[in-house]
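Have a look at the structure below, then the notes.
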Amino acid sequence: MNKMLSALACATALLSAPILAKEVRLASDFTYPPFNYMDASGKPVGFDIEIADALCSEAKLECTWVSQGWDSLIPSLLARKSDVIMASMRITEDRKKRVLFTDKYYQTPARFVASANSNIELTPASLKDKVIGVQTGTIHDRYVTDMFGDVAEIKRYTGQDEVYIDMTNGRLDLTFGNSDQLALAFLDKEIGKGFEFVGSPVTDKAYIGEGTALALRQNDKELAEKFNQAIKTIRANGTYDKIAAKYFSFDIYGEEL
């Protein structure tokens, strides 16, 4: 019995031990262009990917990518199936209770999209019986559920790309998400013709958070600090701006919302 208890104690210690090795596993769901997705050859690409590559290079870390569904990102991190979440995850108070966030590496508001000339207003009366598509488990899911879940049907998807397909097929009345991702991956594309933003940007920090950051286990403070220093460095030496300019024609880093 003592041997069994000792083994369990060792296993628990290993699970809670901080990451000190140079090899770091970065996790993403790769369903969020232009931030993180797979190209035709199955290679991870996008803004998040290039920023991560720059951070790992600056911090002298050997980083590899792990593909996980959005809902499993935090549970898998806590189970040590990955070491860092790099998936456009927003800093929120709820998530802070479970993970340790780095400094932000970008910050944007969230918005609704609907068919052009739909005359939809973002009120309970206007959204009664409407169908709103969101990526499951996100802050966008939480917001529409809290604000309109008692009057509208909330349809949840594993990836934002699936939302866009159902928008164009008429299965959804609205979607809600990161304003820049909605613009760049949907509204600015052929698939998004006939759709537009509706209502004002949502900036409520209780939902939208304090920016987008990398997420680590709570005790990996040393590794988080390495990433924080790397974020400061690539911001200062122009690397960040060079990468951002490939994807955006505006300041993605942002200041206070």
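The values are calculated or read from the model by the stated rules, or taken from the named source; none is laboratory data. Bear in mind the structure is a predicted one, so any value in this text is a computation, not a measurement. Positions of Cβ are backbone-derived with ideal geometry, glycine not excepted, and every protein chain shown enters the neighbour counts.
From V144, V198, grab the single residue that is buried (at least 17 other Cβ atoms within 10 Å of the Cβ), without any contact (Cβ under 8 Å) to a residue 60 or more places away in the chain and among the β-branched types (V, I, T).
Working: V198 fails: without any contact (Cβ under 8 Å) to a residue 60 or more places away in the chain.
So the residue among V144, V198 that is buried (at least 17 other Cβ atoms within 10 Å of the Cβ), without any contact (Cβ under 8 Å) to a residue 60 or more places away in the chain and among the β-branched types (V, I, T) is V144.
Go through segment 198-255 and give me each residue that's farther than 18 Å from D48 by Cα and acidic (D, E).
Within segment 198-255, D204, D220, E222, E225, E255 qualify.
Output the helices (runs of 4 or more DSSP H) that fall wholly within segment 22-107 and possess 1 or more residues being among the basic types (K, R) and either touching a residue at least 60 places away in the same chain (Cβ under 8 Å) or out of contact with any Asp or Glu (no Cβ under 7 Å at 6 or more places or on another chain) (or both), or say none. Steps first, please.
Working: elements: 47-59, 73-78, 93-96.
By residue number, 93-96.
Would you say A215 is within 29 Å of V99 (Cα to Cα) and outside the structural domain of D48 (by TED's automatic domain parsing)?
Numbers: within 29 Å of V99 (Cα to Cα): yes; outside the structural domain of D48 (by TED's automatic domain parsing): no.
When the stated conditions are applied, A215 does not pass them.
For segment 142-186, name all the residues that are under 23 Å from M38 (Cβ atoms) and of a type in the set (D, E, K, R).
R156, D161, E162, D166, D180 - these are the residues of segment 142-186 that are under 23 Å from M38 (Cβ atoms) and of a type in the set (D, E, K, R).
For segment 202-245, enumerate the residues that are surrounded by fewer than 17 Cβ atoms within 10 Å (Cβ to Cβ) and in contact with a Pro (Cβ under 9 Å, 6 or more places away or on another chain).
T203, N219, K221, E222
Given the conditions (1) modelled with pLDDT of 95 or more; (2) over 22 Å from Y37 (Cα atoms); (3) of a type in the set (A, V, I, L, M, F, W, C), which single one is not true for L216?
Of everything listed in (1) modelled with pLDDT of 95 or more; (2) over 22 Å from Y37 (Cα atoms); (3) of a type in the set (A, V, I, L, M, F, W, C), L216 misses just condition (2).
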